[in-house]
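Engineer: What follows is a structure written as structure tokens; I'll ask about it next.
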Amino acid sequence: MSHSSHKIGTKFIHAGTVPDPSTGAIMTPIYQTSTYVQEAPGVNQGYEYARSQNPTRKALEDALATIENGKHGLAFGSGVAATDAVIKLLSPGDEVIAANDMYGGTYRLFTKVFAKFGIKFTYVDTTNPQNVQNAITPQTKLIWIETPTNPLMNITDIAAVASISKAAGTILCVDNTFASPYLQNPLDLGADIVMHSATKYLGGHSDVIQGALILNDDQLREQLYFIQKSCGAVPGPMDCFLVLRGIKTLHVRMKQHCENGIAVAQFLRNHPKVDKVYWCGFTDHPNHTIAASQMRGFGGMMSFTLKDDSMEAANKVLTNTHLFALAESLGGVESLINHPASMTHASIPREERIKNGLSDGLIRLSVGIEDADDLIADLDAALNK
Ligand code: P1T
């Protein structure tokens with residue numbers, strides 16, 4: 001049954017899963033197998049070898065397509081493996097225009113792995129679509145944006161960049177990890193591919209590493225499926241099951257992330273020791289109008305700096321929270337605190353980071369779904385140490 005006409009919560013719960021044909025199991029079983037018996041050479045039930053096909057992965061991939069309003073979903077062993085597959089669509093000499101603020105691991109993959117294969121990456125501030133337009137050359141094949149960005153919460157107008165991309169005949173891929181499909185659906189705004197680190201909000205419980213691509217174009221799907229099976233960065237069935245289960249509560253979790261996000265952002269903004277809060281829900285955020293028009297809420301991700309911009313002051317906060325655990329990653333039910341300069345974005349050269357506004361003292365929060373009052377008390381105590 002197609003769930004594309006249902007409301008978001010119904011869609012998230014029912015997407016991809018049908019009672020298992022062999023037993024009627026309501027949840028798609030974890031098909032922990034590497035291969036499938038064939039009746040005769042080439043005569044099988046559509047499953048030959050688990051790198052190419054697995055029923056648990058198939059249920060998840062169908063769910064991924066449904067929740068992003070796309071036609072096709074593809075699951076990968078991690079978010080960076082999904083990104084890797086997109087770049088493998090390209091050939092030496094091709095050019096990519098990428099956002100100058102994004103997850104450090106994406107930057108590392110582009111600059112340290114793919115640049116040496118002759119793919120050129122040009123980094124621009126995509127919050128002004130004109131910068132994307134100006135960077136296009138006849139060799140540009142792909143535009144890569146993240147919105148909101150990790151960790152500065154910059155917002156790019158997806159529809160504006162999509163129309164630039166269409167006119168130039170390039171592929172637009174949007175990393176939708178921070179927003180999740182509950183808050184934003186880039187395919188509806190004209191993007192060609194949506195990428196997720198499913199490790200984050202889709203899984204939602206900090207217990208799995210996984211990536212996803214969702215798209216509409218049949219030919220592009222064939223190319224990406226070919227890369228998925230040829231390069232082999234596929235997730236195991238247990239991990240597919242976990243993400244499938246996570247998706248069923250995505251809408252409920254995201255409502256609470258949004259509610260807690262508002263409370264924590266406002267608390268930080270009013271705190272005398274806090275300098276700047278990076279959160280796209282503030283009406284004076286430079287791209288708030290675009291955020292409000294392309295997103296259904298502002299989520300639980302935010303960053304902030306202290307008036308005392310020394311590393312010592314930042315370290316005091318980073319090491320004195322008790323509910324906010326000091327850790328990389330985000331999007332789980334529990335709150336996390338992170339220091340991008342030394343942790344998630346350490347692979348970006350310091351001068352590059354500083355130029356783009358990511359200071360040494362920046363602190364990032366993934367606000368979880370605990371009770372907001374407890375989270376605020378935890379931050380207040382750490383800030384007042
Ligand atoms: O970790 P992995 O599942 O491979 O996903 C990579 C990735 C891609 N895109 C964004 C926006 C991300 O935030 C990430 C992973 N980020 C972290 C681990 C982090 O703490 O920022």
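The values are calculated or read from the model by the stated rules, or taken from the named source; none is laboratory data. This structure is a prediction, so every number in the text was calculated from the model and none was measured. Backbone-built Cβ (ideal geometry, glycine too); neighbour counts: all protein chains shown.
Engineer: Can you name the condition, by its number, that I155 falls short on among (1) within 12 Å of the ligand (Cβ to nearest atom); (2) assigned to a loop (DSSP other than H, G, I, E, B)?
Structural biologist: Single failed check for I155: (1).
Engineer: A further question follows. If we keep just the residues of the range 7-32 that are without any contact (Cβ under 8 Å) to a residue 24 or more places away in the chain and either not in a loop (DSSP other than H, G, I, E, B) or not assigned by TED's automatic domain parsing to the domain that holds N69 (or both), which is nearest to G246 (Cα to Cα)?
Structural biologist: The extreme case among them is H14.
Engineer: Pull up the range 32-83, narrow it to residues that are basic (K, R) and in contact with a Ser or Thr (Cβ under 9 Å, 6 or more places away or on another chain), then point me to the one that is nearest to the ligand (Cβ to nearest atom).
Structural biologist: Step by step, filter the range 32-83, then rank; the result is R51.
Engineer: Cβ-Cβ distance below 9 Å, separation of 6 or more or different chains: which pairs start in the range 356-384 with a residue that is without any contact (Cβ under 8 Å) to a residue 60 or more places away in the chain and end on one that is hydroxyl-bearing (S, T, Y) and part of a strand (DSSP E or B)?
Structural biologist: Hits for this filter: S359/T305; G361/T305.
Engineer: Just checking, which of E328, E312 is over 21 Å from K385 (Cβ atoms) and without any contact (Cβ under 8 Å) to a residue 60 or more places away in the chain?
Structural biologist: Numbers: E312 fails: over 21 Å from K385 (Cβ atoms).
The conditions single out E328.
Engineer: Is it the case, given these coordinates, that T344 is in contact (Cβ under 8 Å) with a residue 60 or more places away in the chain, more than 25 Å from I155 (Cα to Cα) and not basic (K, R)?
Structural biologist: no
Engineer: If S329 meets every condition in (1) more than 19 Å from the chain's Cα centre (by Cα); (2) on the phi > 0 side of the Ramachandran plot; (3) not assigned by TED's automatic domain parsing to the domain that holds Y47 apart from one, which number is that one?
Structural biologist: (1)
Engineer: Scan S342, S310 and give me the residue that is polar (S, T, N, Q), surrounded by fewer than 20 Cβ atoms within 10 Å (Cβ to Cβ) and more than 16 Å from the ligand (Cβ to nearest atom).
Structural biologist: Numbers: S342 fails: more than 16 Å from the ligand (Cβ to nearest atom).
The unique qualifying residue is S310.
Engineer: Here is a check on your reading of the model: is D94 of a type in the set (D, E), more than 21 Å from the chain's Cα centre (by Cα) and away from the ligand (no atom under 16 Å from the Cβ)?
Structural biologist: Taking the combined requirement at face value, the residue satisfies it.
Engineer: Condition first: under 24 Å from K229 (Cβ atoms), among the hydrophobic types (A, V, I, L, M, F, W, C) and touching a residue at least 60 places away in the same chain (Cβ under 8 Å). Now tell me which residues in the range 70-110 satisfy that.
Structural biologist: Taking the range 70-110 as the starting set, the residues that turn out to be under 24 Å from K229 (Cβ atoms) are 70-92, 94, 96, 105-106, 109-110.
So of that shortlist, the ones also among the hydrophobic types (A, V, I, L, M, F, W, C) come out as 74-76, 80-82, 85-87, 89-90, 96, 109-110.
L74, A75, F76, V80, A81, A82, A85, V86, L89 - these are the residues of the range 70-110 that are under 24 Å from K229 (Cβ atoms), among the hydrophobic types (A, V, I, L, M, F, W, C) and touching a residue at least 60 places away in the same chain (Cβ under 8 Å).
Engineer: I'm told Q228 meets every condition in (1) part of a helix (DSSP H, G or I); (2) surrounded by fewer than 21 Cβ atoms within 10 Å (Cβ to Cβ) except one. Can you identify the failing condition by its number?
Structural biologist: (2)
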